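Structure, as structure tokens:
Only the coordinates and a few stated rules stand behind these numbers; no lab work does. Predicted model, so just to flag it, every value in this text is computed and none were measured. Quick reminder, even Gly has a Cβ in these numbers, built from the backbone with ideal geometry, and neighbours come from all protein chains shown.
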Amino acid sequence: MTTSPHLETLAVHAGQRPDPTTGAIMTPIYQTSTYVQEAPERHKGYEYSRTDNPTRKALQELIAALEGGRFGLAFASGMAAIDTIMRLLSPGDHVLVGNDVYGGTFRLFDKVLARYGLEFTYVDVTSLSAVEAAIQPDTKLIWLETPTNPLLSLADIEAISRLAPDGVQVVVDNTFASPYLQQPLKLGADIVMHSSTKYLGGHSDVVGGALVVNDEEVYQQLKFLQNAVGAVPGPQDCWLILRGIKTLHLRMERHSENAQKIARFLSDCPAFSTVIYPGLDSHPQYELARRQMPRGFGGMISAIMRGGDSAAREFVTRTRLFALAESLGGVESLIEHPYSMTHASTAGSPLACDPGLVRLSVGVEHIDDLIADLQQALMGL
Ligand SMILES: *Cc1c(COP(=O)(O)O)cnc(C)c1O
């Protein structure tokens, strides 16, 4: 190939080549913990599977290629990937965090890592001046999620990367957008993080995490930590994510198309006071969304019900196609109540969410069936 391949082609091929001994077109699941050596220190690049495994290596190269980055690392979960980034820091270091991050990220920072002497400031990352004002001499990381969970507000990755001083790494949790919709490294971010449990895997059958970086020194530090700490995924899980990613572009297109239509449907529905979707021109950052996510706005929608907590609980119990479950990013549609489910750990904190909020992870089913399901569940609410 003379031109560099497009993301759609990379999703199918990057990091993978037919098995040289058998011709198997799919990367084998190398279900092995160790590797036979010809002589001490003479081996084929693999010694022990915490350090390296061929199935994991294929996945790491694939995710790096999709993000347009040089180096990828895979982890046992998104949280394990986040924890590994944080181990780049030392007691006394300061981290700026978006004030609407994933509940588990907040829990890790607030309940675990704060005890190890890391300092966290939660800031409204939709405001560049708020980010700039919150940077301290000890700030080492700026932690962004965009779109955020569950309020789907955006951070301007390019602008924040530009204002971050030297020595301050900008991390983007790119789970909600996926590299098909948004490539943070190309916008100036230093580290991209994924819960590959969600859109990368895409089929609600595996838990995993990933990091992608361009800087070789940071990569070496993270790779050292991956092995030293050991939160690695097994080969079977890597294989499931490799397989899922082959259709990432097709799925993201349909997720975005369906979600756009459902967001419009909910906006016309009197049961909701607010519908939040980056692809609606009522979204306060619609212009940024169009610039930063030019191919589509993803499958996640949040909406606030006029009837508050009780209406929200009733609605999410009544849907049939939209299954009541935590998580997101699978081919099947899900619905949940963040206040009592995914974001229960933020109760009483500045990150607590509205009790009337419902969050939809729109799947790839037929749009008419999805809308009919929402219609029947809304009857009388
Ligand atoms: C799910 C999720 C995580 C955590 O990932 P796990 O794979 O569940 O450990 C982190 N960030 C976001 C945005 C998520 O949705």
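With a Förster radius of 25 Å applied to the C-beta separation of Phe120 and Ala347, the computed FRET efficiency comes to 0.85.
Placing a pseudo-label 7 Å from each Cα along the Cα-to-Cβ vector at Ala76 and Lys261 gives an inter-label distance of 4.2 nm.
Scoring 352-358, 298-304, 166-172 by mean Cβ neighbours within 10 Å over their residues and listing the highest first yields 298-304, 352-358, 166-172. Distance in nm between label sites at Glu8 and Ala228, each 7 Å beyond Cα in the beta-carbon direction? Placing both labels 7 Å along Cα→Cβ, they lie 4.4 nm apart. Remark: region 249-378 carries a charge dipole of roughly 220 debye about the Cα centre, counting +1 on each Lys and Arg Cβ and -1 on each Asp and Glu Cβ.
For region 292-350, the Kirkwood radius over C-alpha pairs fed into Stokes-Einstein at 20 °C and 1.002 mPa s yields D = 164 µm² per second.
Taking every alpha-carbon pair under 8 Å whose residues sit at least 6 apart, region 50-175 reaches a relative contact order of 22 percent.
Using a Gaussian network model of the chain in which every pair of alpha carbons under 10 angstrom is joined by a spring, one finds that among Gln236, Gln31, Gln183 the greatest mean-square fluctuation is at Gln31.
Karplus-derived 3J(HN,Hα) values for region 28-37, using 6.51 cos²θ - 1.76 cosθ + 1.60 with θ = phi - 60°, are x, 7, 7, 7, 9, 8, 9, 9, 6, 9 Hz; glycine and proline are entered as x. Dividing the convex hull volume of the alpha-carbon atoms in region 7-245 by its residue count gives 124 Å³ per residue. Give me the angle, in degrees from 0 to 90, between the Cα long axis of helix 235-245 and the longest principal axis of the Cα atoms of the chain, rounded to the nearest 10. The helix 235-245 is inclined about 50 degrees to the chain.
Work out, step by step, the length gained on full extension between Gln37 and Asp215: first 0.36 nm times the residue separation, then minus their alpha carbon distance; give nm to one decimal.
61.0 nm
May I ask for the angle, rounded to the nearest 10°, between helix 54-66 and the longest principal axis of the chain, with both axes built from Cα atoms and the value confined to 0 to 90°? With rounding to tens, the tilt is 50 degrees. Net charge dipole, the chain: roughly 560 debye, given to the nearest 20, about the Cα centre with Cβ charges of +1 for Lys and Arg and -1 for Asp and Glu. With a/c under 1.5 counting as rounded, go ahead and sort region 148-289 into rounded, prolate or oblate using the C-alpha gyration tensor (a ≥ b ≥ c being the square roots of the eigenvalues; past the cut-off, prolate if a/b is larger than b/c, else oblate). Oblate, because a/c is 1.5 or more while a/b does not exceed b/c.
Calculated FRET efficiency, Cys269 and Arg291, Cβ-Cβ r, R0 22 Å, to nearest 0.05? E between Cys269 and Arg291, to the nearest 0.05, is 0.15.
Normalised by 2.2 N^0.38 Å, where N is the number of residues, the alpha-carbon radius of gyration of region 30-123 equals 1.43. The alpha carbon centroids of region 301-316 and region 146-194 are separated by 30 Å.
Just want to confirm a number: the relative contact order over the chain, from Cα pairs under 8 angstrom separated by 6+ residues, in percent. Walk me through the numbers on the way to the answer.
Details: 775 pairs, mean separation 63.1, N = 381.
Rounded, it is 17 percent for the chain.
Here the simple spin-label model places points 7 Å from the Cα toward Cβ, and for Ser310 and Leu88 these points are separated by 5.0 nm. Using the Cβ-Cβ distance between Gln375 and Lys111 with R0 set to 25 Å, the FRET efficiency works out to roughly 0.05. For region 283-381, averaging the sequence separation of C-alpha pairs within contact (under 8 Å, six or more residues apart) and dividing by the residue count gives a relative contact order of 33 percent. Relative to the current alpha-carbon distance between Thr317 and Asp281, full extension at 0.36 nm per residue lengthens the span by 10.0 nm.
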